[in-house]
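Starting off with a structure, shown below.
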Amino acid sequence: MTGQEIHVRNPRSGLVDYHFTPANQTHIENACHRLRAAQEAWQDNGLENRIATLRAFAKGLTDNRKILVEALVQDTGRLGLSLLEVDSIAPAIERWITIATEATPSTQGTSTALPFISYTIEKRPYALVGVISPWNFPLTLSLIDAIPALLAGAAVILKPSEITPRFAAPLRQIIANIPGLSALLTIVDGDGVTGQALVDQVDVICFTGSVSTGRKVGEQATRNFSVAFLELGGKDPAIVLANADVDRATTAILRGAIINSGQACQSIERIYIAREIYDEFVQKIITKARDIRLNTPNIHSGHLGPIISEQQARIIENQIEDARDKGATIHTGGQLENHGGLWCAPTVITGLTDEMRIMTEETFGPLLPVIAFNTIDDAITMANDSDFGLSASVFAATAAEAIAIGQQIEAGAISINDAALTSLMYEAEKNSFKLSGMGASRMGPSGYTRFFRKQSLMTNQAKVFTMDQFDEINAVTP
Ligand code: NAD
């Protein structure tokens, strides 16, 4: 590990205006050693103590929202979603507290075959949880796993993305002011090398990012027999039936495809429309896409912020060029706009074929490829023809009809008559299908219980068995 300074580009100006030195291996080992030492008391002092500490953390976040929002704006180039990221943490802490309070710490029973043996199953938290987060929602995706892990009684080491590292300093400052918390929650700055060093030190790794990095993280964790929860990319389909409300579908799909400039794992990236309503749908979504304004030069106006990562902007650009070169029609947007940083207007595309990269690779940008289908079976086949299985949407005249189709889609979360609902609510448990991820649901009660191992304490209240009872002399041949 070199520890060389990392230079960070500002997504609004396109200029490098921030530098930091990544944590090296020794730093990470020492931090993990300290966290493990503090974790035992954190676990032993009980849930009530942890709840009080996390409520103090929620208050600290609320009291200091200004410095945190300012840093997130520099990291991501957007204001409204940065405010939302900060303001959603305190309610999230309360939601996790309710789940933790309602969870059963232990269960008891008796053996059915040997009724004199009773048992208690206790839940023991993993000692040290690592969190590695991406750049698209830097704060939300750093704390989404950290908070339930802390409540469960684990210590947490967190490494944010090197593309959006500025929020770490104010967050660290807030944590430092909460008695007891800084010993249990440590943030380390760094890139992939730092992340790799971290994976080797923890009992559980919660990774959110791309499939290619997720594969490396999963393989590394498996070598150590540690647990990996992987939350990865998507290529979410939307299916709109002939009897659906086209106005509703176009509004929801446009929002689901372009919010945060499409930089969301659950973005709609493939849009399958019944042939009967295809022309109407395309016209309507083009009209609505043309009303969307880029959030530049004034950060207080416009719908779409910059593409945060320059590398991602080039992927979006390449997918548009590839589709255009192979004969697709671009109706709106269609190129990156350089306003210092890089922006992309909603880009409605038709005339698509399976050979186009936009149909198979994750875009993570505001592109809307629209494809007609003839039968519902065709639509389901096309929707399932993907390596990804994160989420999907179905629009029909009735919820029942849409649900029946949703049940045939290979994805963990299905929005019915709306799009990308997983970004709006956290209660519904879901698993990622196919290459979109691995491990227990991070949503709902499972998002908390996955940080425990079960330990069985079995008590024999009768005589112990002797070896004589296992003498072959007693075996009667059938
Ligand atoms: P990425 O995989 O490039 O990086 C994610 C994190 O991994 C960063 O912090 C990075 O420093 C770190 N990292 C890189 N190499 C590593 C290694 N070898 N070992 C350990 N850590 C390493 O992803 P990204 O570009 O930051 O994020 C975008 C991706 O995240 C998209 O694919 C998106 O779909 C996905 N994502 C998924 C969800 C979800 O909940 N499923 C949510 C948000 C984003």
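The values are calculated or read from the model by the stated rules, or taken from the named source; none is laboratory data. In this text, all values refer to a predicted model and were calculated from it rather than measured experimentally. We place every Cβ from the backbone using ideal geometry, glycine too, and count neighbours over all the protein chains shown. Just so you know, the surface numbers come from the protein's heavy atoms only, side chains and all, with ligands and any DNA or RNA stripped out. Shrake-Rupley method; radii C 1.70, N 1.55, O 1.52, S 1.80 Å.
Quickly run through region 322-365 and pick out the residues that are of a type in the set (Gly, Ala, Ser) and within 16 Å of the ligand (Cβ to nearest atom). Spell out the reasoning first.
Quick first cut of region 322-365, residues of a type in the set (Gly, Ala, Ser) only: 323, 327-328, 333-334, 340-341, 345, 351, 365.
Matches in region 322-365: Gly365 only.
With the requirement that a residue be assigned to a loop (DSSP other than H, G, I, E, B), surrounded by fewer than 21 Cβ atoms within 10 Å (Cβ to Cβ) and of a type outside the set (Ser, Thr, Tyr), what does region 418-434 give you?
First pass over region 418-434, keeping only residues assigned to a loop (DSSP other than H, G, I, E, B): 418-420, 424-432.
If we keep only those that are surrounded by fewer than 21 Cβ atoms within 10 Å (Cβ to Cβ) too, we end up with 418, 424-431.
Answer for region 418-434, where residues must be assigned to a loop (DSSP other than H, G, I, E, B), surrounded by fewer than 21 Cβ atoms within 10 Å (Cβ to Cβ) and of a type outside the set (Ser, Thr, Tyr): Asp418, Leu424, Met425, Glu427, Ala428, Glu429, Lys430, Asn431.
Condition check ((1) aliphatic (A, V, I, L, M); (2) surrounded by 16 or more Cβ atoms within 10 Å (Cβ to Cβ); (3) within 21 Å of Ala264 (Cα to Cα); (4) in the same structural domain as Gly305 (by TED's automatic domain parsing)) across all residues:
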position	(1), (2), (3), (4)
Phe364	no, yes, yes, yes
Leu368	yes, yes, yes, yes
Ala372	yes, yes, no, yes
Thr375	no, no, no, yes
Asn384	no, yes, yes, yes
Ala392	yes, yes, yes, yes
Thr398	no, no, no, yes
Gly412	no, yes, yes, yes
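Take region 333-359 and flag every residue that is part of a loop (DSSP other than H, G, I, E, B), under 17 Å from Ala257 (Cβ atoms) and touching a residue at least 24 places away in the same chain (Cβ under 8 Å).
So in region 333-359, the residues part of a loop (DSSP other than H, G, I, E, B) come out as 333-335, 340, 345-346, 351-356.
Retained after the next criterion (residues that are under 17 Å from Ala257 (Cβ atoms)): 333-334, 345-346, 352, 356.
The answer is Gly333, Ala345, Pro346, Leu352, Met356.
Let me ask something else about it. For region 423-473, which positions are within 16 Å of the ligand (Cβ to nearest atom), modelled with pLDDT of 95 or more and among the aromatic types (Phe, Trp, Tyr)?
Hit for region 423-473 is Phe433, nothing else.
Hey, another quick one. Quick one: how many residues across region 107-125 are closer than 18 Å to Thr449 by Cβ and open to solvent by 50 Å² or more (accessible area, probe 1.4 Å)?
So the answer is 5.
Could you tell me whether any residue of region 234-254 is farther than 22 Å from Val282 by Cβ and in contact with a strand residue (DSSP E or B) (Cβ under 6 Å, 6 or more places away or on another chain)?
As a first pass, look at region 234-254 and keep what is farther than 22 Å from Val282 by Cβ: 234.
Adding the requirement that they be in contact with a strand residue (DSSP E or B) (Cβ under 6 Å, 6 or more places away or on another chain) leaves 234.
Yes, that holds for at least one residue.
Let me ask something additional. Out of region 34-81, which residues are polar (S, T, N, Q) and under 27 Å from Thr101 (Cβ atoms)?
Quick first cut of region 34-81, residues polar (S, T, N, Q) only: 39, 43, 45, 49, 53, 62, 64, 74, 76.
Result: Gln39, Gln43, Asn45, Asn49, Thr53, Thr62, Asn64.
I would also like to ask the following. Taking the options Gly233, Gly192, Gly218, Gly262, name whichever one is within 8 Å of the ligand (Cβ to nearest atom) and either farther than 27 Å from Ser82 by Cα or open to solvent by less than 10 Å² (accessible area, probe 1.4 Å) (or both). Spell out how you get there, then give the answer.
On the way: Gly192 fails: either farther than 27 Å from Ser82 by Cα or open to solvent by less than 10 Å² (accessible area, probe 1.4 Å) (or both); Gly218 fails: within 8 Å of the ligand (Cβ to nearest atom); Gly262 fails: within 8 Å of the ligand (Cβ to nearest atom).
So the residue among Gly233, Gly192, Gly218, Gly262 that is within 8 Å of the ligand (Cβ to nearest atom) and either farther than 27 Å from Ser82 by Cα or open to solvent by less than 10 Å² (accessible area, probe 1.4 Å) (or both) is Gly233.
Take the residues in region 236-252 that are in contact (Cβ under 8 Å) with a residue 40 or more places away in the chain and β-branched (Val, Ile, Thr), then tell me which one is nearest to the ligand (Cβ to nearest atom). Outline the logic, then answer.
Here is the first cut: in region 236-252, the residues in contact (Cβ under 8 Å) with a residue 40 or more places away in the chain are 236-241, 243-245, 248-249, 252.
If we keep only those that are β-branched (Val, Ile, Thr) too, we end up with 239-240.
Numbers: Ile239: 21, Val240: 23 Å.
Out of the qualifying residues, it is Ile239.
Next question, about the same structure. Can you give me the number of residues within region 195-215 that are within 11 Å of the ligand (Cβ to nearest atom) and open to solvent by 40 Å² or more (accessible area, probe 1.4 Å)?
So the count comes out to 6.
Here's a follow-up. Within region 278-297, work out how many residues are open to solvent by 80 Å² or more (accessible area, probe 1.4 Å) and either outside any helix (DSSP H, G or I) or outside the structural domain of Phe364 (by TED's automatic domain parsing) (or both).
Matching residues across region 278-297 total 3.
Applying the selection to region 153-173, what residues are surrounded by 24 or more Cβ atoms within 10 Å (Cβ to Cβ), away from the ligand (no atom under 16 Å from the Cβ) and of a type in the set (A, V, I, L, M)?
Across region 153-173, the qualifying residues are Ala154, Ala155.
Ile308: in contact (Cβ under 8 Å) with a residue 60 or more places away in the chain, open to solvent by less than 10 Å² (accessible area, probe 1.4 Å) and more than 24 Å from Ile163 (Cα to Cα), yes or no? Show your work before the answer.
On the way: in contact (Cβ under 8 Å) with a residue 60 or more places away in the chain: yes; open to solvent by less than 10 Å² (accessible area, probe 1.4 Å): yes; more than 24 Å from Ile163 (Cα to Cα): no.
Answer is no for this residue.
Also: Checking the conditions here, which among Phe388, Phe373 is touching a Leu at 6+ places or on another chain (Cβ under 7 Å) and among the aromatic types (Phe, Trp, Tyr)? Walk me through it before giving the result.
Values: Phe373 fails: touching a Leu at 6+ places or on another chain (Cβ under 7 Å).
One residue alone meets the criteria, Phe388.
Residue check, Gly130 against (1) surrounded by 18 or more Cβ atoms within 10 Å (Cβ to Cβ); (2) not hydrophobic (A, V, I, L, M, F, W, C); (3) not in a strand (DSSP E or B), all met but one. Which one?
So the condition that Gly130 fails would be (3).
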